[in-house]
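In what follows, a structure is listed as structure tokens, so that the remarks can point back to it.
The values are calculated or read from the model by the stated rules, or taken from the named source; none is laboratory data. Here the structure is a predicted model, which is why all the values come from computation and not from measurement. Don't worry about glycine lacking a Cβ; one is built from the backbone with ideal geometry, like all the others, and counts go over all protein chains shown. Heavy atoms of the whole protein, side chains included, go into the accessibility calculation; ligands, DNA and RNA do not. Shrake-Rupley method; radii C 1.70, N 1.55, O 1.52, S 1.80 Å.
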Amino acid sequence: MRPTGKLHLGHWVGALSNWVNLQKKHHCFFMVADWHALMSEYRNPELVKNATFDNLVDWLSFGIDPEKSTIFRQSEVAEHLELFMILSVITPLGWLWRCPTFKEQIKQLKEKNINTYAFLGYPALQASDIALYKADCVPVGNDQLPHLELAREIVRRFNSFYKNKVLKEPKALLTKVPRLGGLDGRKMSKSYNNYIALDEEDQSLKKKVLGMFTDPARKRKSDPGNPKKCNVFSYYQIINPEREDDIKQWCHHAQKGCVECKKILLESIRAFIAPKREKKREILKDKKKIYDILKRGEDKARQVASLTLKEVKEAMQLIA
Ligand code: SF4
């Protein structure tokens, strides 16, 4: 996960909740990709540093378990950059230019001016992030499949040059995750300021939920509405699906107003967020413990990564 700001409910629904489940069956490596974040936030390194810490504490308070999984910061495991360099040497420029999101991201993040040497090489760093741990699989959504395919191609090319198949081709662990839109119906994003943070305080949560868009045809309480056209309802489907049928009934038959409907949703979100927010406060009281968790994770990640890197160099006959 790239630390570029606060984590929000969209991150929980789209990734974190899946990670928490994956820990039950797999040995997972969860990385705060601070080098990747720096590619778009190079003017604000402090933002990356603060978000790294804040995001990590969110992970812990939402159930990522350092006893089960390896948690680490990318920049603390130098092997990522070393393998990135090696993979850059064998990655044809054409593959990078053709990367589906390269041009799109440059346009979308125009004000950040990410038309840089490092950003072009982003897929090679991503391949290094995965290959260092000989990952069997990477949890991805459909939209990220082309990136994973590029990582697989880079690994294949490396193995074809240096014969003894040191690097493993990662498989996609395709996860169908629901998408939670922003408060205004667009993609939930910090830059649209339409998000609910994972540690949102009660007052601002209230303001945000009560201000959400509803079915525009429902102007008065007596007008019947259509939940399918309402953003509030789409939240119910994910946050509190047990209430879906009630809400449909009230809405279609104009039995309750939108304010009441939003108040119930507000309570559901609050009940979900508040205990984790408290847990985050507790965790933050003992910063040493957080750094100890990171140190343990980073030592472990480094151990695995350095072994792979050694095998890579041996395969290339860079070392005997
Ligand atoms: Fe949306 Fe609820 Fe209002 Fe229906 S009653 S339009 S679901 S907020």
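Of the residues 222, 306, the single one that is in a loop (DSSP other than H, G, I, E, B), open to solvent by 40 Å² or more (accessible area, probe 1.4 Å) and in contact (Cβ under 8 Å) with a residue 12 or more places away in the chain is 222. Look at segment 239-259: where a residue is at negative phi and among the acidic types (Asp, Glu) and a partner is open to solvent by 60 Å² or more (accessible area, probe 1.4 Å) and more than 8 Å from the ligand (Cβ to nearest atom), sitting 6+ places away or on another chain with Cβ atoms under 7 Å, you get 244/237.
Results for (1) within 16 Å of the ligand (Cβ to nearest atom); (2) among the β-branched types (Val, Ile, Thr); (3) in contact with a helix residue (DSSP H, G or I) (Cβ under 6 Å, 6 or more places away or on another chain), shown as yes or no for each residue.
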{"residue": "173", "(1), (2), (3)": "no, no, no"}
{"residue": "180", "(1), (2), (3)": "yes, no, yes"}
{"residue": "184", "(1), (2), (3)": "yes, no, no"}
{"residue": "188", "(1), (2), (3)": "no, no, yes"}
{"residue": "201", "(1), (2), (3)": "no, no, no"}
{"residue": "204", "(1), (2), (3)": "no, no, no"}
{"residue": "210", "(1), (2), (3)": "yes, no, yes"}
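What is the one condition in (1) closer than 21 Å to residue 82 by Cα; (2) of a type in the set (Val, Ile, Thr); (3) open to solvent by 20 Å² or more (accessible area, probe 1.4 Å) that residue 106 does not satisfy? Evaluating residue 106 over (1) closer than 21 Å to residue 82 by Cα; (2) of a type in the set (Val, Ile, Thr); (3) open to solvent by 20 Å² or more (accessible area, probe 1.4 Å) leaves (1) as the failure.
Of all residues in segment 57-89, those satisfying the criterion of being open to solvent by 10 Å² or more (accessible area, probe 1.4 Å), among the hydrophobic types (A, V, I, L, M, F, W, C) and not in a loop (DSSP other than H, G, I, E, B) are 60, 81, 84, 85, 86, 89. The set of residues from segment 171-187 being surrounded by 12 or more Cβ atoms within 10 Å (Cβ to Cβ) and either modelled with pLDDT under 90 or acidic (Asp, Glu) (or both) comprises 174, 175, 177, 179, 180, 181, 184, 185, 187.
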